Amino acid sequence: MEAIKEYVAHLDHKKRITLRGAAYQYYNVKEYGNGCIILEPRQLVAPEGISAKTLEDMDLAVSNFKKGDVSPAIDLSEI
């Protein structure tokens, strides 16, 4: 595979490297014992939302709480 860019990068005083013209904001970094570092681009994606089943379970939990149908309190003072 042919390199698209080639340049020398150096660590700053906080031991960071700056990628010039980086296409992504997040990268997965793999560092190997032989000195090779692999950067794989990652895109963080917002979750699609809460499923209908989860919303139903949450409604049921709130309903039970309002009715007083709850488990006994847990004593955390001994922990």
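May I ask you to compute the full-extension gain from A61 to M1, defined as 0.36 nm times their residue separation minus their alpha-carbon distance, rounded to one decimal in nm?
Value of the extension gain: 16.1 nm.
In whole angstrom, note down how far apart the Cα centers of region 57-79 and region 23-55 are.
Answer, in whole Å: 35.
Taking H placed 1.01 Å from N in the peptide plane, check which residues at least 5 places from Y27 or on another chain put their amide H under 5 Å from its amide H.
Hits under the 5 Å cutoff: R42.
At 1.4 Å probe size, what's the solvent-accessible area of L44? Round to the nearest 10 Å².
130
For the chain, what does the accessible surface come to per residue with a 1.4 Å probe? Please give it in Å².
Heavy-atom SASA per residue in the chain reads 104 Å².
How large is the dipole of the chain about the Cα centre if only Lys and Arg carry +1 and Asp and Glu carry -1, each at its Cβ, rounded to the nearest 20 debye? Could you put the intermediate results ahead of the total?
Working: 10 positive and 12 negative charges, 101 e Å.
The calculation lands at about 480 debye.
Report the extension gain between I50 and R20 in nm, rounded to one decimal, defined as 0.36 nm multiplied by the number of residues separating them, less their alpha carbon distance.
Length gained between I50 and R20: 7.0 nm.
For the chain, take the longest principal axis of its alpha carbons; what is the angle in degrees between that and the long axis of helix 52-67, to the nearest 10 within 0 to 90?
In the chain, helix 52-67 runs at an angle near 40 degrees to the longest axis.
Quickly estimate the mean residue ellipticity at 222 nm for the chain, helices only: each DSSP H run with n ≥ 4 gives -39500 (n - 2.57), and the total goes over all residues, rounded to 500. Let's see the in-between values first.
Working: 1 runs with 16 residues, N = 79.
Rounded to the nearest 500, the figure is -6500 deg cm²/dmol.
Roll a 1.4 angstrom probe over the protein heavy atoms and tell me the percent of accessible area of the chain that is carbon or sulfur.
Looking at the chain in its full context, I get 56 percent from C and S.
The values are calculated or read from the model by the stated rules, or taken from the named source; none is laboratory data. Remember, it's a predicted structure, so these values are computed and weren't measured experimentally. Positions of Cβ are generated from backbone atoms using ideal geometry, with glycine treated the same way; all protein chains shown enter the neighbour counts. Heads up: the accessible areas ignore ligands, DNA and RNA and are worked out on the full protein's heavy atoms, side chains in. Shrake-Rupley method; radii C 1.70, N 1.55, O 1.52, S 1.80 Å.
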